[in-house]
Amino acid sequence: MELIDAIYHRRSVRDYTDLPVPSAMISELLDAAIQAPSATNQQPWAFGVIRGRARLEGISRRAKPMLLALLPQSLALHQRADALTNPNSNVFHGAGTLVIIYAKPAQYPANEDCCLAAQNLMLAAHGMGLGTCPVVFVRPWLNQLEIKQELDVPSTFEAVMPIVIGWPAGLTATVQRMEPEIVCWKDDHKRGGTAPAH
């Protein structure tokens with residue numbers, strides 16, 4: 001798959017089959033993630049992998065009360081609130097794999113580097129026929145000290161980008177994108193034209 005095709009056609013998938021993703025493919029995705037650029041090549045990321053639909057469903061049940069309590073008032077009537085109050089809903093969308101990208105303590109801010117790694121992972125997954133969906137609103141639950149201890153994650157590591165991965169159960173509809181909002185374009189050449197003659 002051409003990279004530009006992956007950029008234009010990757011979508012957040014919220015419906016997955018029960019077919020597990022092979023461990024080798026997850027390792028490939030992590031290898032793709034760490035090819036991302038980072039400030040001064042500090043590579044400040046670490047990864048958590050949680051597998052198993054039943055295990056993730058259990059985590060979803062435990063996390064929902066806290067996530068609902070933290071939901072901004074502006075989203076109180078939003079579909080996310082409905083999902084968090086519905087006992088049958090799953091914050092991981094029924095996926096069987098969760099990859100958590102953690103920021104390690106670093107000289108320079110690490111969150112941006114971890115987000116670059118996340119985009120690499122999601123594009124690589126799309127190219128392999130897999131679906132992904134960032135579930136960023138789960139971070140507060142993952143960043144509790146007792147949950148880090150439970151998952152054997154160092155207390156100084158910060159969950160930045162949790163991403164579910166699995167085999168899509170169907171097609172995800174295209175979401176219309178707005179045109180780029182360009183607030184500044186300073187150029188010695190005319191936009192879209194050729195360089196002026198000297």
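The values are calculated or read from the model by the stated rules, or taken from the named source; none is laboratory data. Values in this document were obtained by computation on a predicted structure and should not be read as measured data. Cβ atoms come from the backbone with ideal geometry, glycine included; neighbour counts cover every protein chain shown. Surface areas here come from the heavy atoms of the whole protein model, side chains and all, with no ligands, DNA or RNA. Shrake-Rupley method; radii C 1.70, N 1.55, O 1.52, S 1.80 Å.
Quick grid of which residues meet (1) small (Gly, Ala, Ser); (2) under 22 Å from THR172 (Cα atoms); (3) out of contact with any helix residue (DSSP H, G or I) (no Cβ under 6 Å at 6 or more places or on another chain):
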{"site": "PRO87", "(1), (2), (3)": "no, no, yes"}
{"site": "ASN90", "(1), (2), (3)": "no, yes, no"}
{"site": "GLY94", "(1), (2), (3)": "yes, yes, yes"}
{"site": "GLN144", "(1), (2), (3)": "no, no, yes"}
{"site": "ILE147", "(1), (2), (3)": "no, no, yes"}
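Does any residue in region 174-198 that is open to solvent by 100 Å² or more (accessible area, probe 1.4 Å) come within less than 8 Å, Cβ to Cβ, of a residue that is modelled with pLDDT of 90 or more and aromatic (Phe, Trp, Tyr) six or more places away or on a different chain, and which pairs are these?
Final answer for the pair search is ARG191/TRP185.
For MET161, are the conditions met, namely being among the aliphatic types (A, V, I, L, M), closer than 30 Å to ALA39 by Cβ, at pLDDT below 95 and outside any helix (DSSP H, G or I)? Spell out how you get there, then give the answer.
Working: among the aliphatic types (A, V, I, L, M): yes; closer than 30 Å to ALA39 by Cβ: yes; at pLDDT below 95: no; outside any helix (DSSP H, G or I): yes.
It is false that MET161 is among the aliphatic types (A, V, I, L, M), closer than 30 Å to ALA39 by Cβ, at pLDDT below 95 and outside any helix (DSSP H, G or I).
For region 75-116, which residues satisfy the criterion of being within 28 Å of GLU28 (Cα to Cα), among the aliphatic types (A, V, I, L, M) and either surrounded by fewer than 18 Cβ atoms within 10 Å (Cβ to Cβ) or at pLDDT 95 or above (or both)?
Of everything in region 75-116, those that are within 28 Å of GLU28 (Cα to Cα), among the aliphatic types (A, V, I, L, M) and either surrounded by fewer than 18 Cβ atoms within 10 Å (Cβ to Cβ) or at pLDDT 95 or above (or both) turn out to be ALA95, LEU98, VAL99, ILE100, ILE101, ALA103, ALA106, ALA110, LEU116.
One line per residue, one yes/no per condition, for (1) in a helix (DSSP H, G or I); (2) in contact with a helix residue (DSSP H, G or I) (Cβ under 9 Å, 6 or more places away or on another chain); (3) modelled with pLDDT under 95:
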position	(1), (2), (3)
PRO20	no, yes, no
ALA24	yes, no, no
SER27	yes, no, no
ASP31	yes, yes, no
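Being more than 16 Å from ARG51 (Cβ to Cβ), open to solvent by 70 Å² or more (accessible area, probe 1.4 Å) and among the aromatic types (Phe, Trp, Tyr), is that true of even one residue in region 150-162?
Within region 150-162 (the criterion being more than 16 Å from ARG51 (Cβ to Cβ), open to solvent by 70 Å² or more (accessible area, probe 1.4 Å) and among the aromatic types (Phe, Trp, Tyr)), the answer is no, since none of the residues qualifies.
Given the residues ILE4, ILE50, which is the only one that is at negative phi and either in contact with a His (Cβ under 7 Å, 6 or more places away or on another chain) or in contact (Cβ under 8 Å) with a residue 24 or more places away in the chain (or both)?
Details: ILE4 fails: either in contact with a His (Cβ under 7 Å, 6 or more places away or on another chain) or in contact (Cβ under 8 Å) with a residue 24 or more places away in the chain (or both).
Within the list ILE4, ILE50, the selection yields ILE50.
Checking THR132 against (1) part of a loop (DSSP other than H, G, I, E, B); (2) polar (S, T, N, Q); (3) touching a strand residue (DSSP E or B) at 6+ places or on another chain (Cβ under 7 Å): exactly one of these is not met. Which one?
Of everything listed in (1) part of a loop (DSSP other than H, G, I, E, B); (2) polar (S, T, N, Q); (3) touching a strand residue (DSSP E or B) at 6+ places or on another chain (Cβ under 7 Å), THR132 misses just condition (1).
Pairs under 7 Å by beta carbon, first residue of a type in the set (A, V, I, L, M) in region 86-110, partner assigned to a loop (DSSP other than H, G, I, E, B) and open to solvent by 50 Å² or more (accessible area, probe 1.4 Å), six or more apart or different chains?
ALA110/LYS104
Results for (1) β-branched (Val, Ile, Thr); (2) surrounded by 14 or more Cβ atoms within 10 Å (Cβ to Cβ); (3) closer than 21 Å to VAL153 by Cβ, shown as yes or no for each residue.
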site	(1), (2), (3)
ASP5	no, no, no
SER12	no, yes, no
ASP15	no, yes, no
LEU19	no, no, no
LEU30	no, yes, yes
ALA36	no, yes, yes
ALA39	no, yes, no
ARG51	no, yes, yes
